[in-house]
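Q: Following this message is one structure expressed as structure tokens.
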Amino acid sequence: MGNYVCYHLHSDFSLLDSTTDFKKYVDKAKEFNQTAIAFSEHGNIYNWISKKLYCDKVGIKYIHGCEVYLTEKLFPKIKDNYHTCLYARNMAGVKELNYLISKSTQEDHFYYKPRVSFDEFLSLSNNIISTSACLQSPLNRLSEENKYYTKLLNKYTFYEVQPHINSDEQKDFNKKLLKFSKKYNKQIIAGTDTHNLNTYKAECRKILQKAKKIHFKDDNSNFLEDKFDLTYKSYEELYRMFIDQKVLSEIEISTAIENTNILSNLCENITLDTSFKYPKLSDNDEKILQEIINKKYKEKLKSKIISGGEKYIKRIREEFSVFKKLNMQTYMLFMSNLICWCRDNDIPVGPSRGSVAGSLIAYILDITDVDPLVWNTVFSRFANENRQELGDIDIDLPPDQREQVYKHMFDEFGKEKVAYILAIGTISEKGTIDEIGRALEYDLDKVSKIKQEYDKNKEITKEKYKDFFYYFDGLVDTKISRSQHPAGIVVSPIELLGNYGIFYKDEYPIMQIDMDDIHEVGLNKFDLLGLVNISIIRDCCKNANIKYPRIYQIDFKDEKVWKDMLCSPVGVFQMESDMSFNLLKKYEPKSIDDVSLVNACIRPSGESYREKLIRREKNKNPSEIIDELLKDTYGWLLYQEQVIAFLQEICGFSGGHADNVRRACARKDKDRMEKELPQILDGYCKKSDKSKDIAEEEAKSFIKIIEDSSSYMFGKNHSIGYSLITYICAYLRYYYPGEFIAAYLNNSETMEDFQKGAEITKTKKISMEKQKFRKSTESYIYDKDTNTIYKGLESIKYINSSCAKDLYNIRFVEFDTFTDFCVYITENTSINTRQIKVLISLDFFEEFGKSKKLYDMYLYFCSRYSKAHIEKTKELRIKEIKEYENSLPDENLGLFEQIECEKEYCGYISFIRKCDKRFCYVLDVDLKYTPRISIYSLATGKTIECKIQKSMYLRNKIKKDDVVFCKNFSRKQNWKKTEIGFEKTEGFSIFLNDYIIYDKEKAVKVIK
Ligand SMILES: [Zn+2]
Ligand SMILES: [Zn+2]
């Protein structure tokens, strides 16, 4: 028997059309001793690099292919979408195919699917091989009369026959193709349109498609594909199927299968270029880098930002030689340009993220704000000459300014060479349960019950619902969606469309390969991460009218700041959770190292030593030498850099070698560790004054400690950079509390954030007021004179940013009457009448009078005054309106009107009236269990949640929007129903025991 090459093949990258991972197919091909494999995903080449690399690893030839969608013409858009399979004969073919696929996703091509026009297909070069594909082929669906039909017949390299036994349509199509093959002198080829590894995966595919409501039904509503066996075949199985189909003769069958080898032989085994691809800046990046380092070094020395001297010069030379060996000059220059551009354009960048804080050159170049000679960070953790890896510097930006930076990169390097990065979504365990539930038409309660049980005990639940979970393993982790990586962007020296393939989303390109593939081919990705704390610092500085601080400008020994840091966790980066803040308080930090230490032990894996470390309890290591090495962290091994120090300072390794051994250890690479062991022991013994046997034992037991903790050790370089942010937050919160909290509130997103913001204003004794004319602008603003934060207008319905700004801009203008104000607004701004009415009803203009008076006056004003009137008329009318204003009594809008306005425009009630504080407005009533009400005290503005005994409620029913006079409250222990009766639980409930309900009319009379 001969060889068969499966070339028409779909993995789960043909999203929702397969549940099989591509590796399973490659393994299968290997098992069948097949020599090559091609993937023909629907319209995409997602992660083709991974496929190629895996084929290389297994020892099978990878053929680059795709099943594209064809359309007769791109305009007008018609959903004809024919199928056709394309394969690359060589590297030029790969590029041609990638380019075509990239283009097919552009807006002018895309219609439900990425599409290629007949004309584009017909003009493909000889570097692309084509087969006519499945029943969706134009050769099957298109009329033979169509003007393209003969052209297409001439274009295809192979006519694809498929062996589906139960499909008459397929049999007819095969016959037709046989006929044409003779007439046009073309070869037939045996395709399978494989979608599943085996029948189990085929069942899972059906479940997935049922859950996603993808149906392939014929006119009699039978599942169309039930007639099709789309599982992976061996040569023998495929041969058998064609025999059973009884369309092709034996010789035709063997030829068709043999032709899969012809196809494979036509295709070269391509080689990937995996060299590092840093974006190119100039022809002499090294020289330019050198010059910039010199220039910036001198500048920093002159302005006393660095102390300079031999130490600095030596370190710069060392680092430079490493960058040169790693060919990283361009990269460092690129990062420096990028980050300086950000700073020049008022986009602040975090001091440092990740290991780059260890590089002095990065500091000199303003890539980081961390001077390694001041903060004792380690260079070899970032780069070393023994590790050929792409440079990787991530940066933190204000989330709302990230787009600006992406746009800059597109503008500077062009959309041919810059792209976002693919991310593929898979089904989670819970998601799998949902999908199966949907497919099997379980009701939602049942599915959520299964999920709950699954949470408690996976194995038991799987056993209990055996039929249900039958599909589980076949579905979990299946790729089902594609999106964009949240932070990464690629900048490449070579164009991306042809070399790798991209797809378009809203005109911006996204790579067809993901983060890992990008890494494999040596492309440089840049992670721009959004960090809201950078926005808070930025906005605080703006409010305080100071410059965004650089690290060298800040006093890190300020006792007052260290003390104040512990007054509240609000706004203090990394310390906002209860656990971290409690540890911080216990530890009482006095330095960045202290914050870094607290930070390092917060992570879940620090549990074993966390408490001891926070109590500053010393850990005993196998020897005094090691105790000494770890003395800054009380003998506990916290940082990766400490492992480097052990190998470098005690065992005599070079920095680069040390970091590589550390990595091998973290990877649990036994062979490598075995190889390194003699040198570690030798170095250690030389340092130790103990006998060789004892010293070796000590070293070995410490290596064990390193191995055990390597998975959770923290990077000190990173931790220092981040702890600096922690301190800056505390620093600004101490010196500019009002400005800081306003910035904090303006960057808040959740209700919890707003509550925390309100909480810290109390701690800091700052008042918080509702929106007010002359004080409020768009967002929260701090007024230094009154030490008050005023809410912003932006959140009010119908009020936009320009209206808010216009009002804020006239805050110093004097007005004798409200009429004068209205005239001014009408003449000089674009604020509309609805906006003024809304603001009047919210008491925004209370300095001119109460809301009802202003409202009535404004209605009159609008009826009498217009910008279009002539000057003379205006004068007369203003006089008349002022008289009207004076005649009006100073009154508020009615209680309920005001409540309605606040609810409508603000979404909450905040006004207060002078009245007995027992008067409350009912916000909500919940009768699900014991009646529960949410009430708003009209005198204090506080919201109270309370319960009412059911019997009492039934006697005197409270409704939403009632006003109640609450006579008596009490506190009661909470109870919980259990299997054996009732049980006390934590917490208390407030009960309203006695109350009077006021109807609207009566309430209005009592509360003015
Ligand atoms: Zn197809
Ligand atoms: Zn197909």
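Q: How much length, in nm to one decimal, is gained on full extension between ALA92 and LYS618, taken as 0.36 nm per residue of separation minus their Cα-Cα distance?
A: Extra length available between ALA92 and LYS618 comes to 182.9 nm.
Q: What are the ³J(HN,Hα) couplings of region 772-778, residue after residue, when phi is run through the Karplus curve with 6.51, -1.76, 1.60 and θ = phi - 60°? Round to Hz, x for glycine and proline.
A: Along region 772-778, the couplings run 8, 4, 6, 10, 8, 10, 4 Hz.
Q: Would you mind telling me the antiparallel percentage of the DSSP bridges in the chain, rounded to 5? Each step should come with its number before you reach the end.
A: Working: 58 of 84 bridges.
If we restrict to bridges inside the chain, about 70 percent are antiparallel.
Q: Set the Förster radius R0 to 22 Å, insert the Cβ-Cβ distance between LYS547 and ASN345 as r into 1/(1 + (r/R0)^6), and round the FRET efficiency to 0.05. Walk me through the numbers before you get to the answer.
A: Details: r = 15 Å, r/R0 = 0.66.
According to the calculation, E is roughly 0.90.
Q: Among the listed pairs LYS57/LYS417; LYS24/LYS227; LYS590/LYS765, which are separated by more than 27 Å between their Cα atoms? All intermediate terms of the calculation are to be shown ahead of the outcome.
A: Details: LYS57/LYS417 29 Å; LYS24/LYS227 24 Å; LYS590/LYS765 25 Å.
From the list (LYS57/LYS417; LYS24/LYS227; LYS590/LYS765), the Cα-Cα distance tops 27 Å for LYS57/LYS417.
Q: While we're looking at this one, here's another question. Give the Rg/Rh ratio for region 430-546, taking Rg as the radius of gyration of the Cα atoms and Rh as the Kirkwood radius, to two decimals. Kindly include the intermediate steps, with their values, before the conclusion.
A: Working: Rg = 22.6 Å, Rh = 18.9 Å.
Ratio of gyration radius to Kirkwood radius for region 430-546: 1.20.
Q: According to the square roots a ≥ b ≥ c of the eigenvalues of the Cα gyration tensor, what is the shape class of region 319-453, taking rounded for a/c under 1.5, prolate for a/b larger than b/c otherwise, and oblate for the remainder? Each step should come with its number before you reach the end.
A: Working: a/c = 2.66, a/b = 2.14, b/c = 1.24.
Prolate, since a/c reaches 1.5 and a/b exceeds b/c.
Q: For region 89-137 and region 351-383, what is the centre-to-centre distance using only Cα atoms, to the nearest Å?
A: 47 Å
Q: Ranked highest first by average number of other Cβ atoms within 10 Å, how do 371-383, 930-942 line up? Don't skip to the answer; put the middle values down first.
A: Working: 371-383: 22.6, 930-942: 17.5.
Answer by packing, highest mean first, reads 371-383, 930-942.
Q: Could you tally the net charge around THR930, taking each other residue with its Cβ under 11 Å from the Cβ of THR930, Lys/Arg +1 and Asp/Glu -1?
A: Numbers: positive: LYS928, ARG932, LYS947, LYS950, LYS972; negative: ASP926.
Result for the local shell: +4.
Q: Suppose R0 equals 35 Å. What FRET efficiency, 1/(1 + (r/R0)^6) with r the Cβ-Cβ distance, do GLU749 and GLN973 give to the nearest 0.05? Intermediate results must be reported in sequence, preceding the final value.
A: Numbers: r = 36 Å, r/R0 = 1.03.
It comes to 0.45.
Q: Can you tell me the 0 to 90 degree angle between the C-alpha axis of helix 310-325 and the longest principal axis of the chain, rounded to 10?
A: Its long axis makes an angle of about 40 degrees.
Q: List the GluC sites (Glu not before Pro) in region 911-1008 that DSSP assigns to loop (not H, G, I, E or B) and whose Cβ has at most 13 other Cβ atoms within 10 Å. Which are they? Mind showing how you got there, number by number?
A: Working: sites: GLU945, GLU979, GLU983, GLU986, GLU1001; in loops: GLU979.
When the GluC sites (Glu not before Pro) of region 911-1008 are filtered for loop state and at most 13 Cβ neighbours within 10 Å, GLU979 remain.
Q: What ranking do 949-957, 412-420 get when scored by the average of other Cβ atoms within 10 Å per residue, highest first?
A: Ranked from most to least packed, the peptides come out as 412-420, 949-957.
Q: Another one. What full-extension length gain, to one decimal in nm, is calculated for ASN284 and LYS176 as 0.36 nm per residue of separation minus the Cα-Cα distance? Intermediate results must be reported in sequence, preceding the final value.
A: Values: separation 108, 0.36 × 108 = 38.88 nm, distance 6.25 nm.
Gain on extension, ASN284 to LYS176, equals 32.6 nm.
Q: Mind giving me the nanometre distance, one decimal, between the label points for GLU236 and SER711, set 7 Å out from Cα along Cα→Cβ?
A: 4.3 nm
Q: Provide the net charge surrounding LYS692, with neighbours chosen by a C-beta distance below 13 Å and charges set as Lys +1, Arg +1, Asp -1, Glu -1.
A: Details: positive: LYS686, LYS687, LYS690, LYS700; negative: ASP682, ASP689, ASP693, GLU696, GLU697, GLU698.
Here the count lands on -2.
Q: By what distance, in whole Å, do the Cα atoms of region 148-281 stretch along each of the three principal axes, largest value first?
A: 63, 45, 36
Q: What order, most packed first, do the peptides 658-666, 341-349 have when packing is the mean number of other Cβ atoms within 10 Å of each residue? Present the calculation step by step, with values, prior to reporting the outcome.
A: On the way: 658-666: 21.4, 341-349: 15.6.
Packing order, densest peptide first, comes out as 658-666, 341-349.
Q: Could you tell me how many cubic angstrom of Cα convex hull volume region 111-156 has per residue? Before the final figure, lay out the partial values.
A: Numbers: hull volume 4.2 nm³, N = 46.
Cα convex hull per residue, to the nearest whole number: 91 Å³.
Q: Label points 7 Å out from Cα along the Cβ direction at ALA868 and LEU122: separation in nm?
A: Between ALA868 and LEU122, the label points sit 6.2 nm apart.
Q: What is the spin-label model distance, in nm, from PHE991 to LYS692 if the labels are put 7 Å beyond Cα along the C-beta direction?
A: Between PHE991 and LYS692, the simple spin-label model gives 8.3 nm.
Q: Is region 237-316 best put as rounded, prolate or oblate by its Cα gyration tensor, with a ≥ b ≥ c the root eigenvalues, rounded for a/c under 1.5, and otherwise prolate when a/b is larger than b/c, oblate when not? The partial results should precede the final answer.
A: On the way: a/c = 7.47, a/b = 5.37, b/c = 1.39.
It comes out prolate by the Cα gyration axes.
Q: Further question: Report in % the part of the accessible area of the chain that belongs to carbon and sulfur, leaving out ligands and nucleic acids; probe 1.4 Å.
A: On the way: 22870 of 47270 Å².
Carbon and sulfur: 48 percent of the exposed surface of the chain.
Q: So for the chain, averaging the separation of alpha carbon pairs under 8 Å that are six or more residues apart and normalising by length, what relative contact order in percent results? Each step should come with its number before you reach the end.
A: Details: 1673 pairs, mean separation 83.0, N = 1008.
Once divided by the residue count of the chain, the mean separation gives 8 percent.
Q: Right, something else. Using only DSSP helix segments of four residues or longer, with each worth -39500 (n - 2.57), what per-residue ellipticity at 222 nm results for the chain after dividing by its residue count and rounding to 500?
A: Numbers: 44 runs with 465 residues, N = 1008.
Helix contribution divided over all residues of the chain: -14000 deg cm²/dmol.
Q: By the gyration tensor of its Cα atoms, with a ≥ b ≥ c the square roots of the eigenvalues, what is the shape of region 927-1003: rounded for a/c under 1.5, prolate for a/b over b/c, or oblate? Intermediate results must be reported in sequence, preceding the final value.
A: On the way: a/c = 2.76, a/b = 1.90, b/c = 1.45.
Note, shape of region 927-1003 comes out prolate.
Q: From the backbone phi of region 814-825, what are the Karplus-calculated ³J(HN,Hα) couplings (6.51 cos²θ - 1.76 cosθ + 1.60, θ = phi - 60°) in whole Hz, Gly and Pro given as x?
A: 8, 10, 6, 9, 5, 4, 4, 4, 5, 4, 4, 4
Q: Rounded to two decimal places and with Rh computed the Kirkwood way over Cα pairs, what is Rg over Rh for region 654-758? All intermediate terms of the calculation are to be shown ahead of the outcome.
A: Numbers: Rg = 23.3 Å, Rh = 17.9 Å.
Radius of gyration relative to Kirkwood radius: 1.30.
Q: Using a 1.4 Å probe, what is the accessible area per residue for the chain, in Å²? Write down the numbers at each step before the final one.
A: Details: 47270 Å² over 1008 residues.
Per residue, the chain has 47 Å² of solvent-accessible surface.
Q: Sticking with this one: For the chain, which semi-axes, largest first and in whole Å, follow from the square roots of 5 times the eigenvalues of its Cα gyration tensor?
A: Details: eigenvalues 696, 400, 223 Å².
Whole-Å semi-axes of the equivalent ellipsoid: 59, 45, 33.
Q: Taking the dipole about the Cα centre of the chain, with the C-beta of Lys and Arg at +1 and of Asp and Glu at -1, give me whichever of TYR908, CYS134, ASN619 is farthest to the positive side.
A: TYR908
Q: On to the next question. Can you tell me the length gained on complete extension of the stretch ARG672 to ASN3, counting 0.36 nm per residue apart and subtracting the Cα distance? Before the final figure, lay out the partial values.
A: Values: separation 669, 0.36 × 669 = 240.84 nm, distance 4.01 nm.
Answer, rounded to one decimal: 236.8 nm.
Q: On to the next question. Can you pull out the trypsin sites (Lys or Arg not before Pro) in region 1-108 whose DSSP state is coil and whose Cβ has at most 14 other Cβ atoms within 10 Å?
A: Working: sites: LYS23, LYS24, LYS28, LYS30, LYS51, LYS52, LYS57, LYS61, LYS73, LYS77, LYS79, ARG89, LYS95, LYS103; in loops: LYS73, LYS77, LYS79, ARG89.
Within region 1-108, the qualifying trypsin sites (Lys or Arg not before Pro) (loop, at most 14 other Cβ atoms within 10 Å) are LYS73, LYS77, LYS79.
The values are calculated or read from the model by the stated rules, or taken from the named source; none is laboratory data. Since this is a predicted model, take the numbers as computed values, not measurements. Cβ sites come from the backbone with ideal geometry, for glycine too, and all protein chains shown count toward neighbours. The protein model used for the area step is the full one, side chains on, heavy atoms only, and it has no ligands, DNA or RNA in it. Shrake-Rupley method; radii C 1.70, N 1.55, O 1.52, S 1.80 Å.
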